[in-house]
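The values are calculated or read from the model by the stated rules, or taken from the named source; none is laboratory data. Computed from a predicted model, the values in this text were never measured in an experiment. Heads up, the Cβs are rebuilt from the backbone with ideal geometry, glycines too, and the neighbour counts pull from every protein chain shown. In case anyone asks, the SASA skips ligands and DNA or RNA and just uses the protein heavy atoms, side chains included. Shrake-Rupley method; radii C 1.70, N 1.55, O 1.52, S 1.80 Å.
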Amino acid sequence: MLLAMDIGNTNVKIGIFKGDKLASTWRVSTVASHTADEYGMVIYDLLRQSGARFEDIKGSVMSSVAPSLNYTIEHMCTYYMGKKPLVVDHRTELGIKVRYENPAELGADRMVGAAAAYKFYGGPVIEVDFGSATTFNLVTAEGEFIGGAIAPGIKTATESLVHTAAKLPRIELAAPPDIVGTSTRSCMQAGIVYGYAGLVKYLVGKYRELPEMKGAKVVATGGLGELIGTVEPDIADITDRALALKGLKYIYDINR
């Protein structure tokens with residue numbers, strides 16, 4: 001079995017692979033103060049639920065945008081499974097060529113998402129990740145990552161709005177019945193959901209005008225991508241919530 005972990009700013013996505021099959025997936029909170037033992041016991045319980053044990057894990061791979069947790073997770077893997085994880089960074093073989101001014105600045109999540117989108121869906125491809133940040137990652141037909149964009153995530157922007165404007169309430173992230181809000185709550189939902197749909201639609205449209213991105217597929221990932229899809233179902237050609245974990249497995253295989 002292979003243990004794959006995508007460490008984000010909000011959640012840690014965890015998956016175990018039996019051969020090439022993604023057998024189980026989980027999400028746990030990203031908590032910088034947690035120790036290796038605390039994460040070890042969480043993963044021990046999750047594995048046990050799926051009928052697995054630490055002894056069954058023959059390898060591990062991780063990507064991270066939360067540097068404060070890197071040592072903790074690496075130590076947890078080494079101590080509990082006896083396997084130091086492959087940690088994805090700009091020096092890792094990705095199966096694509098990175099054309100970026102400073103590859104060391106490129107987030108591991110973007111590397112993994114771009115590599116996975118190209119591997120599993122071909123190029124040219126625009127991978128849109130709806131996470132703590134909303135990221136756009138462009139890969140040409142020749143397998144070259146040429147850049148993209150980073151915008152605030154939907155939940156991140158909503159929380160910022162609530163904290164900044166004292167009279168605005170916390171709201172459920174859901175599509176309102178109409179684009180014209182008739183209450184504070186529905187006005188916020190309209191602005192956030194339809195606003196982000198417009199942001200994504202505009203950027204995707206501009207990217208598809210680039211000569212190297214003509215006819216590009218759009219692959220959406222991240223939990224909130226489905227929310228945007230409820231108001232603009234044609235934005236994404238493919239929605240793959242397990243893209244990051246599948247990408248980590250692919251990168252592990254080509255680096256093994």
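Does I16 qualify as being part of a strand (DSSP E or B), in contact with a helix residue (DSSP H, G or I) (Cβ under 8 Å, 6 or more places away or on another chain) and either open to solvent by less than 40 Å² (accessible area, probe 1.4 Å) or not β-branched (V, I, T) (or both)?
So I16 fits the description; yes.
Taking the conditions exactly as written (within 18 Å of A175 (Cα to Cα) and open to solvent by less than 20 Å² (accessible area, probe 1.4 Å)), does G225 satisfy them or not?
When the stated conditions are applied, G225 passes them.
Quickly run through segment 235-256 and pick out the residues that are among the basic types (K, R), more than 16 Å from D129 (Cβ to Cβ) and open to solvent by less than 60 Å² (accessible area, probe 1.4 Å).
K249
Yes/no matrix, rows are residues, columns are (1) open to solvent by 20 Å² or more (accessible area, probe 1.4 Å); (2) modelled with pLDDT of 95 or more; (3) among the charged types (D, E, K, R):
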{"residue": "E38", "(1), (2), (3)": "yes, yes, yes"}
{"residue": "R53", "(1), (2), (3)": "yes, no, yes"}
{"residue": "D56", "(1), (2), (3)": "yes, no, yes"}
{"residue": "S63", "(1), (2), (3)": "no, yes, no"}
{"residue": "S68", "(1), (2), (3)": "yes, no, no"}
{"residue": "K83", "(1), (2), (3)": "yes, no, yes"}
{"residue": "K97", "(1), (2), (3)": "yes, yes, yes"}
{"residue": "E101", "(1), (2), (3)": "yes, no, yes"}
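Looking at segment 183-209 only, could you name the residues that are without any contact (Cβ under 8 Å) to a residue 24 or more places away in the chain and over 23 Å from L168 (Cβ atoms)?
Initial filter on segment 183-209 (without any contact (Cβ under 8 Å) to a residue 24 or more places away in the chain): 183-187, 189-191, 195, 198, 202, 205-206, 209.
Those that are without any contact (Cβ under 8 Å) to a residue 24 or more places away in the chain and over 23 Å from L168 (Cβ atoms): Y202, G205, K206, E209.
For segment 167-176, state whether one or more residues are under 16 Å from V219 (Cα atoms) and at pLDDT below 95.
Taking every residue of segment 167-176 in turn, none turns out to be under 16 Å from V219 (Cα atoms) and at pLDDT below 95.
For the subset of segment 50-88 comprising residues that are among the aromatic types (F, W, Y) and touching a Phe, Trp or Tyr at 6+ places or on another chain (Cβ under 8 Å), which member is nearest to E105 (Cα to Cα)?
Y80
Condition first: among the hydroxyl-bearing types (S, T, Y), out of contact with any Lys or Arg (no Cβ under 6 Å at 6 or more places or on another chain) and not in a helix (DSSP H, G or I). Can you find one or more residues in segment 98-118 that meet it?
Looking through segment 98-118, at least one residue is among the hydroxyl-bearing types (S, T, Y), out of contact with any Lys or Arg (no Cβ under 6 Å at 6 or more places or on another chain) and not in a helix (DSSP H, G or I).
Looking at F145, is it under 23 Å from P103 (Cβ atoms), of a type in the set (F, W, Y) and touching a residue at least 24 places away in the same chain (Cβ under 8 Å)? Spell out how you get there, then give the answer.
Working: under 23 Å from P103 (Cβ atoms): yes; of a type in the set (F, W, Y): yes; touching a residue at least 24 places away in the same chain (Cβ under 8 Å): yes.
Criteria met by F145.
Is it the case that some residue within segment 26-45 is touching a helix residue (DSSP H, G or I) at 6+ places or on another chain (Cβ under 8 Å) and closer than 21 Å to Y250 by Cβ?
yes
Being more than 14 Å from M62 (Cα to Cα) and in contact with an Asp or Glu (Cβ under 7 Å, 6 or more places away or on another chain) is the requirement here; does M41 meet it?
Judged against the criteria, M41 is not a match.
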